[in-house]
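Let me begin by presenting the structure, written as structure tokens, before commenting on it.
The values are calculated or read from the model by the stated rules, or taken from the named source; none is laboratory data. Treat the numbers as computed from the prediction; the structure is a model and nothing was measured. Don't worry about glycine lacking a Cβ; one is built from the backbone with ideal geometry, like all the others, and counts go over all protein chains shown.
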């Protein structure tokens, strides 16, 4: 399995007791979707290593206590602090204005009037306010991801139409209107 074909599910943060129990801290808005995991991929030394799951239970609201099949104490030590992935094919398809961050990289952002704001290079979800990182000509543009601003997600033509506040793009393009 290649990392490009997977998405980050979370990180193994600590052991829980003995015999292969570890705590998987999930990086998701919908932890309930992962109640019945059968297997995971753990990144060890740059490779995705498959592990099968014998049993799961909730440790906290977004942390799973998982018992890995056929795991030794020393192997449990090796997976501590490692990222956990699942194949992209396990994600349910989204429709309408919903989207996964990984699927919209390369999409163009359009304003209501059709003007382009740039092409999504990446999405920053490491801050309280998630945002699109765009490239327009030779400029970097940052657009906050606010659900009410998103008017349309067109997967066929690869664009997102947004209702942006007046003047937001002017900040990035250096177009300042002077008072008359």
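Quick notes on this structure:
- A count restricted to the stretch 126-154 and to residues that are free of Cβ contacts under 8 Å to residues at least 40 places away in the same chain and within 14 Å of residue 103 (Cβ to Cβ) stands at 3.
- Scan of the stretch 118-161 for residues that are part of a helix (DSSP H, G or I) and surrounded by fewer than 13 Cβ atoms within 10 Å (Cβ to Cβ), ordered by number: 147, 148
- Within the stretch 95-135, the set of residues being at pLDDT below 90 and in contact with a helix residue (DSSP H, G or I) (Cβ under 8 Å, 6 or more places away or on another chain) comprises 102, 125.
- Residue, surrounded by the most Cβ atoms within 10 Å (Cβ to Cβ), within the stretch 93-114, restricted to residues that are assigned to a loop (DSSP other than H, G, I, E, B) and free of Cβ contacts under 8 Å to residues at least 40 places away in the same chain: 105
- Restricting the stretch 74-88 to residues that are at negative phi, outside any strand (DSSP E or B) and touching a residue at least 60 places away in the same chain (Cβ under 8 Å), the residue that is surrounded by the most Cβ atoms within 10 Å (Cβ to Cβ) is 79.
- Qualifying residue in the stretch 51-73 (condition: in a helix (DSSP H, G or I), at pLDDT below 95 and loosely packed, with under 14 Cβ neighbours inside 10 Å): yes
- Within the stretch 18-38, the residues that satisfy the criterion of being in contact with a strand residue (DSSP E or B) (Cβ under 9 Å, 6 or more places away or on another chain) and loosely packed, with under 13 Cβ neighbours inside 10 Å are 35, 36, 38.
- Scanning the stretch 156-173 for residues that are closer than 11 Å to residue 107 by Cα and without any contact (Cβ under 8 Å) to a residue 24 or more places away in the chain turns up 156, 157.
- Screening residue 14 with (1) surrounded by fewer than 17 Cβ atoms within 10 Å (Cβ to Cβ); (2) within 28 Å of residue 103 (Cα to Cα) gives one miss only, at (2).
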